[in-house]
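The values are calculated or read from the model by the stated rules, or taken from the named source; none is laboratory data. The structure displayed is predicted, hence computed values, not measured ones. Note that each Cβ is placed from the backbone with ideal geometry, even for glycine, and that neighbours are counted across all protein chains shown. Remember, those area values only see protein heavy atoms, side chains included, never the ligands or the DNA or RNA. Shrake-Rupley method; radii C 1.70, N 1.55, O 1.52, S 1.80 Å.
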Amino acid sequence: MMLDESGSSAQHNDAIAGAADLIAGAASVAVLTGAGISTDSGIPDFRGPDGVWTRDPAAERRSNITTYLSDPQVRRDAWRIRAASEMFTAEPNDGHRAITRLGDRLHTLVTQNIDGLHLAAGTPADRLVEIHGTVHRWECVACGARGPMEDALSRVRAGELDPACLICGGIVKSATILFGQSLISADLDRAERASREAEVLLAVGTSLSVYPVAGMVELAARSGRTVIIVNAQATAMDHLATVRLAGSASDLLPLIVSC
Ligand code: NAD
């Protein structure tokens with residue numbers, strides 16, 4: 001069965017009903033989320049039409065470990081932008097909250113987001129894999145010390161442009177995985193297991209263009225699992241979806257995820 005909402009509104013409603021039935025009938029559901037689930041909380045994505053990188057391609061340099069470590073100006077820009085970031089004031093939206101309604105049927109929620117909104121919505125920490133880390137903590141690249149991001153941000157607000165590690169003087173970054181860094185292998189194992197084991201994989205608000213996370217959809221499809229994709233734009237994996245819904249995650253998830 002392939003249901004695609006791209007035709008009439010009757011087809012759109014059929015696709016919503018089809019997705020809701022598949023999720024209601026599944027004993028276990030894995031969820032993969034990307035930046036698109038948080039745009040309705042006021043946090044822009046990177047690659048969408050209003051995305052940070054779409055508007056300013058140079059911004060990509062701040063997400064690269066090599067430029068972050070080698071260019072003090074990149075770090076100063078990153079700290080200035082972080083100190084004013086909507087990530088620290090945003091609230092979860094109906095999309096984040098709908099996922100919590102899966103309760104014990106949630107196998108694993110793998111998020112590429114670093115904003116902490118799934119935890120804030122009430123997703124249990126032991127079922128959540130923040131595969132790109134979290135912006136709510138800082139880490140020293142030299143000695144590995146970590147701490148609450150708020151501590152580092154208060155130093156920036158007090159006038160430090162590029163706060164160094166107070167223990168060893170090393171370069172400090174957010175506890176996120178930048179381009180050029182490896183993902184944590186235990187997190188990748190959990191993502192793989194979720195793709196193979198859960199009856200349904202629901203991919204939300206992600207362009208599915210970056211591996212290895214995009215490979216979760218391929219693995220689920222190869223393992224005979226049902227794949228549901230919810231995204232504002234076409235994704236690189238739409239051909240593998242049993243149901244594909246185009247639109248806003250915060251509108252659609254409450255319609256397809258019930259208790
Ligand atoms: P991405 O490539 O997964 O693209 C986001 C997708 O979401 C786009 O295809 C866009 O069309 C879709 N989208 C936007 N708003 C939507 C909505 N309301 N409903 C449904 N779909 C919607 O991700 P990216 O933006 O290129 O970000 C790359 C990486 O950067 C992420 O994986 C993450 O690590 C990080 N990032 C995180 C956040 C966050 O934590 N909120 C925000 C931006 C970027």
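Checking the conditions here, which among VAL74, VAL31 is in contact with a Ser or Thr (Cβ under 8 Å, 6 or more places away or on another chain), outside the structural domain of ALA158 (by TED's automatic domain parsing) and not aromatic (Phe, Trp, Tyr)?
Among VAL74, VAL31, only VAL31 is in contact with a Ser or Thr (Cβ under 8 Å, 6 or more places away or on another chain), outside the structural domain of ALA158 (by TED's automatic domain parsing) and not aromatic (Phe, Trp, Tyr).
May I ask you to list the residues in the range 130-162 that are part of a loop (DSSP other than H, G, I, E, B) and more than 20 Å from the chain's Cα centre (by Cα)?
VAL141, ALA142, CYS143, GLY144, ALA145, ALA158, GLY159, GLU160, LEU161, ASP162, listed by residue number.
Here are the criteria: (1) more than 16 Å from the ligand (Cβ to nearest atom); (2) open to solvent by less than 20 Å² (accessible area, probe 1.4 Å); (3) over 20 Å from ILE65 (Cβ atoms). Tell me which single one PRO163 does not satisfy.
PRO163 satisfies all of (1) more than 16 Å from the ligand (Cβ to nearest atom); (2) open to solvent by less than 20 Å² (accessible area, probe 1.4 Å); (3) over 20 Å from ILE65 (Cβ atoms) except (3).
Filtering the range 185-196 down to residues that are touching a residue at least 12 places away in the same chain (Cβ under 8 Å) and more than 14 Å from LEU109 (Cβ to Cβ), which residue is least open to solvent (accessible area, probe 1.4 Å)?
LEU188
Can you find, within the range 59-95, the residue that is modelled with the lowest pLDDT among those that are under 17 Å from ASP40 (Cβ atoms) and charged (D, E, K, R)?
Checking each candidate, the answer is GLU86.
Tell me which of these ILE228 doesn't satisfy, since it passes every other one: (1) surrounded by fewer than 18 Cβ atoms within 10 Å (Cβ to Cβ); (2) farther than 26 Å from PHE88 by Cβ.
ILE228 satisfies all of (1) surrounded by fewer than 18 Cβ atoms within 10 Å (Cβ to Cβ); (2) farther than 26 Å from PHE88 by Cβ except (1).
Look through the range 204-240, keep the residues that are of a type in the set (Ser, Thr, Tyr) and more than 11 Å from the ligand (Cβ to nearest atom), and return whichever of them is nearest to VAL129 (Cα to Cα).
TYR211
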